[in-house]
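What follows is a short report on a single structure.
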Amino acid sequence: MNKIYLDNNATTPIDKKVFESMKPFLNSEYYNPSSAYESSQKVRDIVEKSRKIVADFIGASSSEIIFTSGGTESINHAIKGVAFAHQKKGKHIITSSVEHPAVLSTCEFLKKFGFEITYIPVDKFGIVKLDILEKAIRKDTILISIISANNEIGTIQPNKEISNIAFKNNILYHTDAVQIIGKIPYTVDNLKVNLLSFSGHKFYCPKGIGVLYVKKGTFLYPLIHGGHQEKRRRAGTENVAGIVAIAKAVEVANTGMKDEKNKILFLKNFLKNKIIENIPDIRFNGHPNKSLFNTLNVGFKYIEGESILTMLDFEGIQVSTGSACNSDSLQASHVLLAMGIDKVDAHGSIRFSIGKYNTKKEIEKVADILPDIIMKLRKISPLKRD
Ligand SMILES: *Cc1c(COP(=O)(O)O)cnc(C)c1O
């Protein structure tokens, strides 16, 4: 059975051009970029060319780009790197209640070292409350880390306003931009952002390569110590194939983003309208328009998301109950709970995240099958109303 993959916020298939671009570096061009002979220098040149492409894509300069192993590492580096480098100034960090676990767990870890964390609440659409953010700022606040766009519900934060608040108060601002980079044009020069994290595998690149943007003049400690790679900011022999791949993924995104957006948004609205037409007692989670164009998070009353996911999987349709990182813990999504959705309803939510390889035919099939599945599950549900 051909699978229908609608979990593109968890990871994406690899673009063919990206795959082709990295192949030589897994084969004949295996050289260590730090070695001295000509073959190695050629590889080093390619790494630097790739860095320039990635930097240009987000409006940064090459020296501001650190290659990492992915979103999680970039986020850890940003938050821990700032925390340990600035702890003399203060030990207070502000984040939000709708962050990815990479941010939440890093902040929790820092508590062991005496850091205090404030979690800014969100409104019913998942948007951070800016007035509370302003009031939360203290003399000893050293960092604000707030996600750009949420992976579960797609809500896009008012990044510009947040960066203005941080800048005005002379506080470093980091954003987890993993879900936005590669989907929506996004440059660091019109945001007063000091640190920005993103990851290749969320936009058609393989897993294991990420980027941390560090604005010139931003002081932070390295996370990984060792050799002199990445200007001593991230030790370890470079993931050359990954670096080449993410540069190609950036080029592919640059040329395709606009068409993809229109196509994917059309598919999302098609699915959304079909759900509205054919299934009663539903709710769409997230902001109706300040949202990623590919993400549709739907709450189905009286049933559990896990059961829907399993039934869809039997039909070859792959979705998520929200965050892949939570899917084995069977806990209600912290993001939905933060938005004020009650526990039972939060359990009945499914995230469809559409990608550039999805077709109208696939979405039609999903729209066809879904009402039956929901009806069947509601029939046997103990939560069902009388
Ligand atoms: C996937 C994701 C991450 C983690 O990135 P990895 O490259 O998988 O480590 C962090 N934040 C958000 C919003 C994500 O969607």
Here the residues within the stretch 69-108 that are among the hydroxyl-bearing types (Ser, Thr, Tyr) and either at positive phi or near the ligand (Cβ under 9 Å from one of its atoms) (or both) are Ser69, Thr72, Ser74
Going by the structure shown, is Lys231 open to solvent by 40 Å² or more (accessible area, probe 1.4 Å) and under 15 Å from Ser62 (Cα atoms)? yes
For a quick check of your reading of the model, give me the residue pairs whose first member lies in the stretch 209-226 and is closer than 14 Å to His86 by Cα, whose second is among the polar types (S, T, N, Q), with beta-carbon atoms closer than 6 Å and at least 6 apart or on different chains. Thr218/Asn194
Among the residues of the stretch 147-164, what is the count of those that are open to solvent by 10 Å² or more (accessible area, probe 1.4 Å) and away from the ligand (no atom under 16 Å from the Cβ)? 4
Given the conditions (1) over 19 Å from Asn150 (Cβ atoms); (2) surrounded by fewer than 15 Cβ atoms within 10 Å (Cβ to Cβ), and given that Gly81 satisfies all but one, which numbered condition is not satisfied? (2)
Of Glu277, Glu304, which residue is of a type in the set (Asp, Glu), farther than 30 Å from Lys215 by Cα, open to solvent by 30 Å² or more (accessible area, probe 1.4 Å) and modelled with pLDDT of 95 or more? Glu277
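Matching residues to (1) under 21 Å from the mean Cα position of the chain (by Cα); (2) open to solvent by 10 Å² or more (accessible area, probe 1.4 Å):
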{"residue": "Glu73", "(1), (2)": "yes, yes"}
{"residue": "Gly90", "(1), (2)": "no, no"}
{"residue": "Ile93", "(1), (2)": "yes, no"}
{"residue": "Val98", "(1), (2)": "yes, no"}
{"residue": "Thr106", "(1), (2)": "yes, no"}
{"residue": "Leu110", "(1), (2)": "no, no"}
{"residue": "Asp131", "(1), (2)": "no, yes"}
{"residue": "Ala136", "(1), (2)": "no, yes"}
{"residue": "Ile144", "(1), (2)": "yes, no"}
Quick one: is Leu383 among the hydrophobic types (A, V, I, L, M, F, W, C), at pLDDT below 95, on the phi > 0 side of the Ramachandran plot and open to solvent by 40 Å² or more (accessible area, probe 1.4 Å)? no
Which residues, taken from the stretch 242-260, are touching a residue at least 60 places away in the same chain (Cβ under 8 Å) and among the acidic types (Asp, Glu)? Glu251, Glu260
For the stretch 55-91, what are the residues that are out of contact with any helix residue (DSSP H, G or I) (no Cβ under 9 Å at 6 or more places or on another chain) and without any contact (Cβ under 8 Å) to a residue 60 or more places away in the chain? Gln87, Lys88, Lys89, Gly90
Conditions (1) buried (at least 21 other Cβ atoms within 10 Å of the Cβ); (2) away from the ligand (no atom under 12 Å from the Cβ); (3) touching a residue at least 40 places away in the same chain (Cβ under 8 Å); (4) farther than 14 Å from Thr12 by Cβ; number of the one not met by Asp176: (2)
Assess whether Lys52 counts as being free of Cβ contacts under 8 Å to residues at least 60 places away in the same chain and under 26 Å from the mean Cα position of the chain (by Cα). yes
Here the residues within the stretch 3-29 that are open to solvent by 70 Å² or more (accessible area, probe 1.4 Å) and either in contact with an Asp or Glu (Cβ under 8 Å, 6 or more places away or on another chain) or within 18 Å of Met257 (Cα to Cα) (or both) are Ile14, Lys16, Lys17
Strands (runs of 3 or more DSSP E) (entirely within the stretch 39-125) containing at least 1 residues that are within 30 Å of Gly340 (Cα to Cα) and touching a strand residue (DSSP E or B) at 6+ places or on another chain (Cβ under 9 Å): 92-96, 116-120
Taking the residues in the stretch 6-38 that are part of a helix (DSSP H, G or I) and farther than 30 Å from Leu265 by Cβ as candidates, determine which candidate is farthest from the ligand (Cβ to nearest atom). Glu38
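The values are calculated or read from the model by the stated rules, or taken from the named source; none is laboratory data. Predicted model only: the values in this text are computed from it and were never measured. Note that each Cβ is placed from the backbone with ideal geometry, even for glycine, and that neighbours are counted across all protein chains shown. Heavy atoms of the whole protein, side chains included, go into the accessibility calculation; ligands, DNA and RNA do not. Shrake-Rupley method; radii C 1.70, N 1.55, O 1.52, S 1.80 Å.
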